[in-house]
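None of the figures in this text is laboratory data; all of them are computed from the coordinates on show. Source: prediction; values computed, not measured. All Cβ positions, glycine included, derive from the backbone under ideal geometry; neighbour counts span all protein chains shown.
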Amino acid sequence: MLEPFEAVIDFTFYEMTWDLQPGPEELSRIGAGESVLICDYFGRSVPSSTSLAIEEARSRGVVVLSDTTHSPFTPPTWSFDLAIISLRKTLPIHDGAILVGALAHPPPEFEAVDESRIAAREAMAARKASLVAAGTDSGDEAAGLRDFENYLQTLDKPTAMSRKSRSIIDALNFEIIANRRRANADELLNRVEQINAVRALPDYSRTIVPAFITCQVSDARTVQQALSKQGIFCPVHWPRPDQLAATPWRNDLISLPIDHRYDRDDMVRISSALQHHLEDA
Ligand SMILES: Cc1ncc(COP(=O)(O)O)c(C=O)c1O
């Protein structure tokens, strides 16, 4: 994600705690005038020790950038200078993002987005969804979907959200979506707590709306494959790239879906499938 900026921004990575939170000590090392990017992965809350460390850094002149793409339904629980939310991770739209903050310069000019490409991507995504549902997905749509991503990379200026995405957003009821996600998350958390070989990450609270319930298991890839055979599709946490052979890599995390497309019966089905897989293993 940061690669395109390597030539213009001098950045380093900070250590995360085992449960993917920035540690207070790491935050205390950031100097005045530097920026830090805080992300609430999977829509979990940030522990109070971390939010205190963020406040402390800000009061020392650290610029706090916040990426709340995984929790777009609630504002960040820490204070920030600039927040970004990409909307297509959690909502049924294909483009669009929100940027919040006091921008020093007037907003940049927007480039016109090619609406026909948005429509083509939507058709491909719908086709893929129906093939996946029928169990006949051959991966043929992947190239078309990649083309769309490549098209986005060719744009020099920001684009305004497409009309299509805007009209979908206008039609959505966010309260219903948020309530369903919270109810599903509660149900699934209660159920996975009963399974010995699964440990949900901490800091899921009722004050925010999670994107997934992310759990620690011994071999996430195998669990993911077993669940997909039951028609339960968990997001892929990227496999280790060959170039990063020496970098520590997490292969113990799996994100279980709890979003608004699902209900209590689905949570029962997910937890049973997980339990059966782990107990049979
Ligand atoms: C936390 C977070 N922020 C931003 C992005 C980028 O979003 P987009 O692909 O819509 O630019 C991602 C993509 O996975 C993400 O997980």
Query raised in the report: Once amide H atoms are placed 1.01 Å from N in the peptide plane, what residues at a sequence separation of 5 or more from Leu256, or on another chain, have their amide H within under 5 Å of its amide H?
Result: Ile213, Thr214, Cys215
Query raised in the report: Using alpha-carbon pairs under 8 Å, 6+ residues apart, how would you state the relative contact order of the stretch 117-203 in percent?
Result: 21 percent
Report task. Project the alpha carbons of the chain onto their principal axes and report the range along each, largest first, in whole Å. Result -> 55, 47, 43
Report task. Just need the relative contact order of the stretch 174-280 here, percent rounded to a whole number, with Cα pairs under 8 Å and 6+ apart. Result -> 36 percent
Report summary line: Per 10 angstrom bin, beginning at 0 and ending with the bin that holds the maximum distance, the Cα pairs of the stretch 72-193 fall in percents of 10, 31, 34, 21, 5, 0
**Report entry** the stretch 37-87: trypsin sites (Lys or Arg not before Pro) in DSSP loop, at most 16 other beta carbons within 10 Å
**Finding:** Arg60
Query raised in the report: Rounded to the nearest 20 Debye, what is the dipole magnitude of the chain about its Cα centre when Lys and Arg each give +1 and Asp and Glu each give -1 at the C-beta?
Result: 680 debye
Query - GNM flexibility winner over the chain from Ala125, Ala133, Ala245 (Cα, springs under 10 Å) - result: Ala245
Report summary line: Counting only DSSP loop positions in the stretch 63-137, the trypsin sites (Lys or Arg not before Pro) whose Cβ has at most 16 other Cβ atoms within 10 Å are Arg88, Lys89
Query raised in the report: So which lysines can Lys128 reach, going by Cα to Cα under 18 Å and dropping same-chain residues fewer than 8 places off?
Result: Lys89, Lys229
Query raised in the report: Given the alpha-carbon gyration tensor of the stretch 191-278, what are the semi-axes of its equivalent ellipsoid in whole angstrom, ordered largest first, with each equal to the square root of 5 times an eigenvalue?
Result: 23, 16, 13
Query raised in the report: Across the stretch 260-269, in residue order, what do the Karplus-derived ³J(HN,Hα) couplings come to in whole Hz, using 6.51 cos²θ - 1.76 cosθ + 1.60 with θ = phi - 60° and x for Gly and Pro?
Result: 5, 6, 10, 9, 4, 4, 5, 5, 5, 5
Report summary line: Sparse-neighbourhood loop hits (GluC sites (Glu not before Pro), the stretch 187-281; DSSP loop; Cβ within 10 Å at most 15 others) -> Glu193
**Report entry** Where N is the number of residues in the stretch 3-92, Cα Rg divided by 2.2 N^0.38 Å
**Finding:** 1.08
Report task. Taking the Cβ of each residue in His276, His94 as the centre, tally the other Cβ atoms inside 10 Å and list the residues starting with the fewest. Result -> His276, His94
Report summary line: Expected vector for the stretch 22-32, Karplus 3J(HN,Hα) from phi with 6.51, -1.76, 1.60 and θ = phi - 60°, integer Hz, x for Gly and Pro, equals x, x, x, 5, 4, 5, 5, 8, 7, x, 4
**Report entry** Karplus-derived HN-Hα couplings along the stretch 232-248 (A = 6.51, B = -1.76, C = 1.60, θ = phi - 60°), whole Hz, x at Gly and Pro
**Finding:** 10, 10, 9, x, 7, 8, 3, x, 4, x, 4, 5, 10, 4, 8, 6, x
Query raised in the report: Can you give the calculated 222 nm mean residue ellipticity of the chain, where each DSSP H run of n ≥ 4 adds -39,500 (n - 2.57) and the sum is split over every residue, rounded to the nearest 500 deg cm²/dmol?
Result: -12000 deg cm²/dmol
